[in-house]
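Nothing in this text is a laboratory measurement; each read-out follows from the coordinates by a stated rule. These numbers were taken from a predicted model, which means no experiment stands behind them. Here the Cβ is made from the backbone with ideal geometry for all residues, glycine too, and neighbour counts use every protein chain on show.
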Amino acid sequence: MRKRVIKDMMNRKILLRSRPQGWPTDENFEFQEAPLPQPGEGQVLIRAIYLSVDPYMRGRMSAAKSYVEPYRIGEVIEGGGVGEVIESRSDKFQPGDKVLGMLGWQLYGVADADKLRKIDEQTAPLSAYLGVIGMTGLTAYFGLMDIGRPKAGETVVVSGAAGAVGSIVGQIAKIQGARVVGIAGSDDKTAWLTEQLGFDAAINYRTTPNLKDALEKECPQGVDVYFDNVGGDITDAVIGQLNDHARIALCGSISAYNDSEGKDIGPRVLVKLIKTRSLMKGFVLGDYADRLPEGAKMLGQWLSEGKLKYEETVIEGFDRIPEALLELFKGTNIGKMLVKVG
């Protein structure tokens, strides 16, 4: 099926102009106008509605080897998005369908039909497919349930707890019957965690004079599971409270992503891990590609049952996408950070 597209419509996109040294700046991005792309056989043309900004994007702006290919200079910055099919050359989609995929920082994009997922806004708001029941929710689910394996009565600590992933991690841990302590960066965030999401306690690391003492107070039985989104001094403090056979899921290290001076050096933790016989394991969502339906089913079930709540920080306007990324690293968001462009 095809839909007539106005021939003189123009696309807007954001390219990576240069690789950041430390914090990204406006100089690292290039805005560009170009003719509307045309889909080939088996492809669709998509108009973006919501675009996601995520911590991993900063890593892809670097040329360093990682689990995913770096962004290329002069190309559109790739990222998750939700959009509407405008023109289709595939039997899988019709104009008007809403889809989820890697759309990139552009108003219009062409994608292979087999790399897109049709979504239903009657089941959940479109934005939720980028958050609570999307990549961030799935990351929370598998990192906690596969590596953390929380048990009823255990203590789970979550850093970056008011973020998109951390806020879901804590709620899943509560569903499993654990005591949950969140670490976040403002009183508003800690209040949200305890009053709205049901965390047992929350610590504002920015105003707490001694994080070690605060953790000892809120985790009197020690720490059994640590879900780490932050790294740095916070992780150093949590590791000191580990119980025997503790499990640490390493999801992110946002404290170091913009460190260009090599300051991300902390205590050596090997002796502590040996003495407690603890497991520390890094992961990415791609590790669970063959199990994504399992996670999506459970997240959808918990959401429908009212066991999962979520918040979104939505910035409006295509031109503000780089700003949204910087605000993410400053920690101004509560829940998932999104840009509404459509």
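See the values below:
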item	result
Vicinal HN-Hα couplings computed from phi for region 64-78 (Karplus, 6.51 cos²θ - 1.76 cosθ + 1.60; Hz; Gly/Pro x)	5, 5, 8, 6, 9, 4, x, 4, 9, 4, x, 10, 4, 6, 7
Taking Ser52, Ser66 and counting other C-beta atoms within 10 Å, the order from fewest to most	Ser66, Ser52
Alpha-carbon centroid distance for the pair region 210-235 / region 84-129, whole angstrom	41 Å
Among Gly101, Gly74, Gly160: highest mean-square fluctuation, GNM of the chain, C-alpha pairs under 10 Å	Gly74
3J(HN,Hα) from dihedral phi, region 199-204, Karplus parametrisation 6.51/-1.76/1.60, rounded to Hz, x for glycine, proline	4, 6, 7, 8, 10, 8
Contact order normalised by residue count of region 135-286, Cα under 8 Å, 6+ apart, percent	23 percent
Selection from Gly286, Gly109, Thr194, by position along the positive dipole direction of the chain (Cβ)	Gly286
Distance between region 312-342 and region 133-174 - C-alpha centres, whole angstrom	22 Å
Beta bridges per DSSP with both ends in the chain, % antiparallel, nearest 5	55 percent
Nearby lysines by direct alpha-carbon distance to Lys65 (threshold 30 angstrom, same-chain neighbours under 8 apart not counted)	Lys13, Lys115, Lys263, Lys272, Lys281, Lys330, Lys336
Per-residue Cβ neighbour rank within 10 angstrom, fewest leading, Arg320, Arg179	Arg320, Arg179
For Glu218, Glu41, Glu87, Glu195, order by how many other beta-carbon atoms lie within 10 Å, fewest first	Glu41, Glu195, Glu218, Glu87
FRET E, pair Lys65, Thr276, Förster distance 45 Å, beta-carbon r, rounded to 0.05	0.90
Rounded to the nearest 20 debye, dipole of the chain from Cβ charges on Lys, Arg, Asp, Glu	540 debye
